[in-house]
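Working notes, structure below.
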Amino acid sequence: MIFSGALTDRFGARPVMIWSTWIRMICLFLLAALVLSQQIDMWMIYIVAFAFGVVDAFAGPASLAILPKVIDAELLPPANALMQGFSQISVMLGPSLPVYSSLRSVPVRAMTGQTCPASAWCFFWMAAVSCCP
């Protein structure tokens, strides 16, 4: 995380978030394609999970660094609380989606991958300038 924070400071939070979103999408689609083609082995799952985790380590500091640039100073504490709260909820509920869908976990993973371009598009069009003086 230290390296990812330094990278975020060097290149900016927005580009790091865009690239990490695209790379995570590729990981999700790769996993879905491997499962659908029935060519998957356990070592492939480990490699995809490792790559996703490494990229996710870059997205975390970037998402925290961009928040003060898009939120007014007086709204920053509640925004931080909401962001951390939803982050914890997603960590708890996210793994239950494939369990809920049981045999249909590949479409759930593919659906998750399909949301990545929308997320990257939002980061791309996000104002690069701070809203606060």
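Computed from the coordinates by the stated procedures, all read-outs in this text should not be read as laboratory data. Just so we're clear, the structure is a prediction, and the values are computed from it rather than from any experiment. FYI the Cβ positions are ideal-geometry reconstructions off the backbone, even for glycines, and counts take in every protein chain you see.
Spacing of the modelled spin labels on Leu64 and Met42, each 7 Å from Cα toward Cβ, amounts to 3.4 nm. Label separation (Ala57 vs Ile2): 1.2 nm, computed from points 7 Å beyond Cα along the C-beta direction. Length gained on full extension, Met92 to Asp72, computed as 0.36 nm times the residue gap minus the Cα-Cα distance: 4.3 nm. Okay, which of segment 34-61 sit inside 18 Å, backbone N to the point 7 Å along the Cα-Cβ direction of Asn80? Label zone hits: 60-61.
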